[in-house]
Amino acid sequence: MLKHGILGLLNYREMTGYEIMEVFRDSLNFFWNAQTSQIYRELQGLENHKWVSKVTVPQQGKPDKNVYSITEEGKAELHRWLADGDLGLRNKTPVLMKVFFMGERSREENIDYFKKVKEECGSFLKSLEAVPEYIEAYRNEIGAGEKAEYWQMTVEYGRRNMQMHMDWAQSCIDRLEGME
C-alpha cells in the first residue's frame, strides 16, 4: 500500500525522498504511518519496477539529492490500483484483539487502558486541526483544485474514526465502572 501512496504523491509532482516524508508527515500520517527508511526502501522497489525515475542533482557542500518522478508505467500502476475491486476495508483491528482477552487482567487495569485509548485518540484528533491548512497549502502549491476535496474527505474520516474510538472507550469505561 505504501508504494501506491508514494506513486500517488509523485503523480502530483516530482519530489525527493525527504519531501515525500514531509508530505506524509503533513497530510497522510493521520491514516498511514511511514518511516523514512520505509519510504526510501519503497522508492528503490518502485525504481526497480520502472514505476519511478530518479535524477541525481549535485549540491555544493552537502550530499547530492535524488529527485523522483512517476513514469508512464507508474501512472498506469497507480490507475490500476485505484480501479481494482479491493475496497481496502480490512477486518483486522489490533485494539479489538487485545480487548477480547482483557478478562485476564484486573478491571482497574482495563479501565486505565480505555482511558489511555481515549487520551491518545483525543491527542490525535487535536493533531488533525492543522491538516486543513496543510491541504490548502498543497492545493495551492500544486494546483490540485478538486483533488483536494478528496484529501478533505480523508481528514473527515480520520476525525470521525477518532471520535468513534473515544466514544467507544468511554462506553467501555462506563460499563466496567458499572460492574463494581
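The values are calculated or read from the model by the stated rules, or taken from the named source; none is laboratory data. This one's a predicted model, so the numbers in the text were calculated from it and none came from an experiment. Cβ coordinates were reconstructed from backbone atoms using ideal geometry, including for glycine residues, and neighbour counts include every protein chain displayed.
Just a few scattered comments:
- Check on GLN59, surrounded by fewer than 16 Cβ atoms within 10 Å (Cβ to Cβ), closer than 29 Å to LEU43 by Cβ, touching a helix residue (DSSP H, G or I) at 6+ places or on another chain (Cβ under 8 Å) and without any contact (Cβ under 8 Å) to a residue 40 or more places away in the chain: no
- Counting only residues that are touching a helix residue (DSSP H, G or I) at 6+ places or on another chain (Cβ under 6 Å) and free of Cβ contacts under 8 Å to residues at least 24 places away in the same chain, segment 76-111 holds 1 of them.
- Among (1) within 20 Å of the chain's Cα centre (by Cα); (2) over 30 Å from TRP51 (Cβ atoms); (3) not in a helix (DSSP H, G or I) - the single one ARG90 does not satisfy: (2)
- So GLU47, is it surrounded by fewer than 13 Cβ atoms within 10 Å (Cβ to Cβ) and more than 17 Å from TRP151 (Cβ to Cβ): no
Every residue, every condition in (1) in contact with a Lys or Arg (Cβ under 7 Å, 6 or more places away or on another chain); (2) of a type in the set (A, V, I, L, M), yes or no:
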| position | (1), (2) |
| --- | --- |
| ILE70 | no, yes |
| ASP86 | no, no |
| ASN91 | no, no |
| LYS98 | no, no |
| PHE101 | no, no |
| SER106 | no, no |
| LYS116 | no, no |
| GLU120 | no, no |
| LEU125 | yes, yes |
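- Any hit, segment 26-36, residues being in contact with a Gly (Cβ under 9 Å, 6 or more places away or on another chain), at pLDDT 95 or above and within 30 Å of LEU128 (Cα to Cα): no
- Residues of segment 138-162 satisfying the condition of being closer than 30 Å to GLU119 by Cα, without any contact (Cβ under 8 Å) to a residue 40 or more places away in the chain and surrounded by 13 or more Cβ atoms within 10 Å (Cβ to Cβ): ALA148, GLN152, ARG159, ASN161
- Selected residue (only one of TYR157, TYR134, TYR150, TYR138 is within 15 Å of the chain's Cα centre (by Cα) and modelled with pLDDT under 85): TYR134
- Among (1) part of a helix (DSSP H, G or I); (2) within 30 Å of GLU47 (Cβ to Cβ); (3) touching a residue at least 12 places away in the same chain (Cβ under 8 Å); (4) aliphatic (A, V, I, L, M) - the single one VAL117 does not satisfy: (2)
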